[in-house]
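Comments concern the structure below.
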Amino acid sequence: MAGNFSDDEGNSKGKSLEEYSKVKREGKEMHRSGSRPLLDLSGAAIQSNSEERNPTILLPNQSDDISHLALDIGGSLIKLIYFSRHEELSQDDKRRRFMKKRLGIINGKRRSYPILGGRLHFVKFETGKLNECLDFISSKQLHLGGIDSPSWTSGAQYNGNIIIKATGGGAYKYADDFKERLGVSLDKEDEMNCLVAGANFLLKAIRHEAFTHMEGQKEFVQIDQHDLFPYLLVNIGSGVSIIKVDGDGKFQRVSGTNVGGGTYWGLGNLLTKCKSFDELLELSQKGDSSNIDMLVGDIYGGLDYSKIGLSASTIASSFGKTISTSKELLDYRPEDISLSLLRMISYNIGQISYLNALRYGLKRIFFGGFFIRGHAYTMDTISFAVHFWSKGQAQAMFLRHEGFLGALGAFMSYEKHGLDDLMAHQLVERFPMGAPYVGGKIHGPPLGDLNEKISWMEKFIQKGTKITAPVPMAPPGTTGMGGFERPSSRGNTLRSDASAALNIGVLHLVPSLEVFPLLADPKKYEPNTVDLLDHSELEYWFTVLSEHMPDLVDKAVASEGGTDDAKRRGEAFARAFSAHLERLMEEPAAYGKFGLANLLELREECLREFQFRDAYITIKQRENEASLAVLPDLLLELDGMDEEGRLLTLIEGVLAANIFDWGSRACVDLYHKGTIIEIYRMSRKKMQRPWRVDDFDMFKRRMLGSGDNPSYKRALLFVDNSGADVVLGMLPLARELLRRGTEVVLVGNSLPALNDVTANELPEIVAEAAKHCDILRRAAEAGGLLFDAMVDIEDELKKKDNSVPLMVVENGCGGPCIDFRQVSSELAAVAKDADLIILEGMGRALHTNLNARFRCDALKLAMVKNQRLAEKLFSGNIYDCVCRFEPVENAL
């Protein structure tokens with residue numbers, strides 16, 4: 001594995017470790033500092049002059065390479081966290097620089113830490129297979145800063161004086177192995193410090209990190225970071241540590257037990273001959289512990305002991321039946337032994353944990369450690385024990401990143417790591433396709449090189465092997481009685497690899513994201529209208545997206561010229577996204593709390609993963625040209641109307657033009673029946689009030705009123721589709737607002753999604769429209785959309801132009817919906833002076849944000865192009881129209 005290799009961004013690096021060690025360039029050597037490397041921040045700046053979605057922070061005077069690797073080496077498992085820099089840079093243009101100057105967004109407000117603007121990866125190995133871990137670190141050069149680090153790409157020499165943060169007992173036991181194989185020294189960090197630091201970070205920074213698990217049902221819990229402490233942290237590794245956490249850096253180990261994961265594995269190995277922890281867990285899936293455990297019913301002739309509240313199925317004594325027979329060990333089924341062991345240990349951990357919570361008056365107990373590893377029955381038994389002994393007053397909660405608390409804490413022990421102040425809105429979890437995790441091979445990291453990724457999928461298809469999703473987990477069959485009752489079911493199978501149960505992806509750190517400042521109550525805000533944890537909803541959208549797949553692949557391949565390479569990538573994308581869909585059908589909570597917006601963005605991320613940057617680019621360009629050709633006639637028609645009739649026609653125009661949506665099956669069918677203009681005219685003719693939701697009259701009174709209702713100061717128009725939707729719908733509405741003295745900000749996607757218009761495309765569309773309209777031309781000039789490339793931005797801003805500006809900002813999103821908990825910094829800045837929001841389209845106004853409330857007036861406009869959604873939300877029909885106006889006084 002130390003030969004040729006690739007980084008996570010798909011850049012092949014044909015250097016071996018030996019070659020790397022010999023390279024010198026211009027006589028420069030790479031020097032390593034001590035255990036806490038310091039940064040030279042002089043001259044630090046964000047790469048390029050634009051306000052990037054995922055900025056890279058340059059440290060031009062920094063000589064030391066900062067290590068981006070940390071380990072937690074336990075008795076059973078090695079947990080590894082590593083960082084890779086982000087390569088996705090949005091293009092620089094004058095519009096961005098103009099908006100930054102206008103809005104006062106400056107680079108100096110950013111923290112200049114190298115960790116920001118990248119990705120955190122989570123990987124695990126069995127401690128007994130240490131060499132696999134060392135091979136993996138070597139292949140990706142993680143101990144040298146990673147193969148995407150400046151020192152690696154520049155060919156600098158490494159001098160062997162490398163310090164890596166590590167925690168856990170193995171950091172001492174295996175220090176010589178790391179030194180011998182990799183030439184690195186392990187800087188040992190205190191295990192308890194790391195556990196607590198990792199847990200605090202996750203609970204404060206990761207939305208829906210915690211969840212409960214009872215009777216096979218997973219429910220995510222949103223933790224208020226301002227009301228987190230105190231809590232009890234129970235870390236179940238080889239043994240169990242119980243820690244009372246009172247704050248950052250404030251904790252004490254109050255209890256523990258030597259009966260933990262190592263006990264289960266050790267006794268299981270002796271009694272069943274299983275060779276791995278996961279093999280033992282898998283065996284328990286098929287067990288019946290009543291053949292081993294003595295139940296209350298065994299003592300009382302099958303009856304309950306109702307006087308003290310014990311049912312007949314309650315365990316009276318674990319392994320109690322084995323002492324009253326003449327059977328030998330071989331007479332007992334290994335499956336039954338494994339399950340009895342699992343229940344005995346899980347129940348006792350749950351009971352001891354609750355008693356400690358009771359002792360300190362704590363209601364919240366978080367369980368972590370690789371003993372749990374997402375195993376549904378283990379979580380059920382612990383949850384039942386806590387619920388049983390607390391009489392429902394306390395609840396057990398689990399963490400999605402359960403096994404990585406120590407490794408994350410070790411990572412955070414590097415100075416200037418930049419994680420301490422990150423907020424939940426700056427972290428985005430994504431799920432790239434990974435390698436097939438089987439046979440003790442390396443677990444966890446996604447395949448980096450695109451050709452490698454496609455090749456293994458093609459190989460699996462040829463062999464008739466089903467591709468599994470990238471982060472698989474135990475299936476949802478666990479619905480047992482939980483706790484001390486005998487389970488009725490424990491699911492079908494448990495994957496043989498421990499990483500299968502991790503249920504986590506790659507964590508992207510995006511410091512440019514912010515919470516939308518106009519949300520009425522950010523804590524209560526939930527973007528998704530459609531909940532995919534409802535299995536019937538998931539089944540429906542599984543069918544919709546599966547049926548749409550062939551058309552999407554055709555468009556994606558065509559966007560890349562229809563080459564053989566594009567076809568190969570298109571087939572690979574279809575297989576990869578199908579695997580995601582099947583994984584979610586198997587376990588709706590597999591990727592955490594997942595709504596329709598997340599699913600639709602997952603599709604776009606999967607397209608980008610296979611290097612389809614803009615699948616509908618040709619279609620968007622064609623539809624923009626067709627719509628711009630008829631725009632002058634539409635504006636002339638509008639100018640001949642009185643203001644009341646014009647406003648109604650404008651809203652009708654937005655609703656009619658919203659029919660153009662390549663994400664809707666019904667609309668795709670329409671494209672085969674006529675041109676874009678013919679479809680638009682047909683849609684306009686069918687505009688008859690009252691609409692399914694019709695607040696137009698209320699909006700009209702606010703718009704056309706006087707005195708107590710002056711014109712809006714600034715309106716944010718969240719645009720949807722390219723073509724007629726934006727050109728014949730939203731632009732004329734923006735023009736009307738400008739005419740009335742309202743500043744207008746067009747908000748477009750940061751990245752392409754279906755045929756949605758992006759912020760990068762909007763200036764060109766506005767420029768073409770402005771050729772036919774003085775209102776748009778003056779506003780676009782004032783908003784920095786039309787100035788000459790040679791004009792200095794400072795000079796442009798100094799102009800005394802009294803024109804009302806038309807501006808463009810990106811929303812920070814790469815999907816057809818929008819989550820207002822994570823928007824671009826330029827959108828957050830421009831929103832502070834806005835008093836009107838217009839959300840247009842199904843994705844932004846119906847699939848998400850239908851129930852959102854804002855600190856300003858909000859108008860939600862959409863044509864419903866999905867029969868199920870029409871019925872579910874409005875008891876209506878396909879092509880119904882929604883015009884919902886929500887004055888600020890009603891929202892607050």
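The values are calculated or read from the model by the stated rules, or taken from the named source; none is laboratory data. Quick caveat, the model's predicted, so the values are computed rather than measured. Counting neighbours? That spans all protein chains shown, and the Cβs are built from the backbone with ideal geometry, glycine included. The area values use the complete protein model at the heavy-atom level, side chains included, leaving out ligands, DNA and RNA. Shrake-Rupley method; radii C 1.70, N 1.55, O 1.52, S 1.80 Å.
Remarks
- Surface share of carbon and sulfur [accessible, 1.4 angstrom probe, percent] for segment 253-301: 54
- Solvent-accessible area per residue in segment 165-292 equals 41 Å², computed with a 1.4 angstrom probe and all protein chains kept.
- Distant-in-sequence amide H partners of G723 (H built 1.01 Å from N, under 5 Å): N624
- Remark: spin-label model distance Q688-K524 equals 3.9 nm, labels positioned 7 Å along the Cα→Cβ axis.
- Amide H partners (placed H, <5 Å) of C883, local residues excluded: V693, D694, D695
- Sequence-ordered 3J(HN,Hα) estimates for segment 831-840 from the Karplus curve with 6.51, -1.76 and 1.60 and θ = phi - 60° stand at 6, 5, 9, 7, 10, 8, 10, 10, 9, 10 Hz, glycine and proline given as x.
- In plain terms, the chain from F874 to D227 could stretch by 229.2 nm, reckoned as 0.36 nm per residue minus the Cα-Cα distance.
- FRET efficiency for the pair Q351 and K250, taken as 1/(1 + (r/R0)^6) with r the Cβ-Cβ distance and R0 = 30 Å, rounds to 0.70.
- With 27 Å as the limit on Cα-Cα distance, the pairs of K218/K273; K620/K832; K124/K179; K567/K593; K218/K321; K173/K275 that go past it are K218/K273; K620/K832; K567/K593; K218/K321.
- From most to least packed by mean Cβ count within 10 Å, the peptides 718-726, 881-889 give 718-726, 881-889.
- The modelled label-to-label distance for the pair D833/L648, using points 7 Å beyond Cα in the direction of Cβ, is 3.5 nm.
- Here the Karplus curve 6.51 cos²θ - 1.76 cosθ + 1.60, taken at θ = phi - 60°, turns the phi angles of segment 78-84 into couplings of 9, 10, 10, 10, 9, 10, 10 Hz, with x standing for Gly and Pro.
- Efficiency of FRET from Cβ geometry, N851 and D135, R₀ 30 Å, rounded to 0.05: 0.05
- Site pair R97 and K363 shows an inter-label distance of 5.5 nm when each label is modelled 7 Å from Cα along Cα→Cβ.
- Accessible area of segment 795-891 belonging to carbon and sulfur atoms, whole % at 1.4 Å probe: 40
- If the segment from D565 to E582 were pulled out straight at 0.36 nm per residue, it would be longer than the present Cα-Cα gap by 3.5 nm.
- Residues in segment 603-613 carry Karplus couplings, in order, of 4, 5, 5, 5, 4, 5, 4, 9, 6, 9, 6 Hz; the curve used is 6.51 cos²θ - 1.76 cosθ + 1.60 with θ = phi - 60°, and Gly or Pro positions show x.
- If R0 is taken as 30 Å, the Cβ-Cβ distance between R613 and R207 corresponds to a FRET efficiency of 0.60.
- Annotation: amide H-H contacts under 5 Å for G505 (H modelled 1.01 Å from N, sequence separation of 5 or more, or interchain): none.
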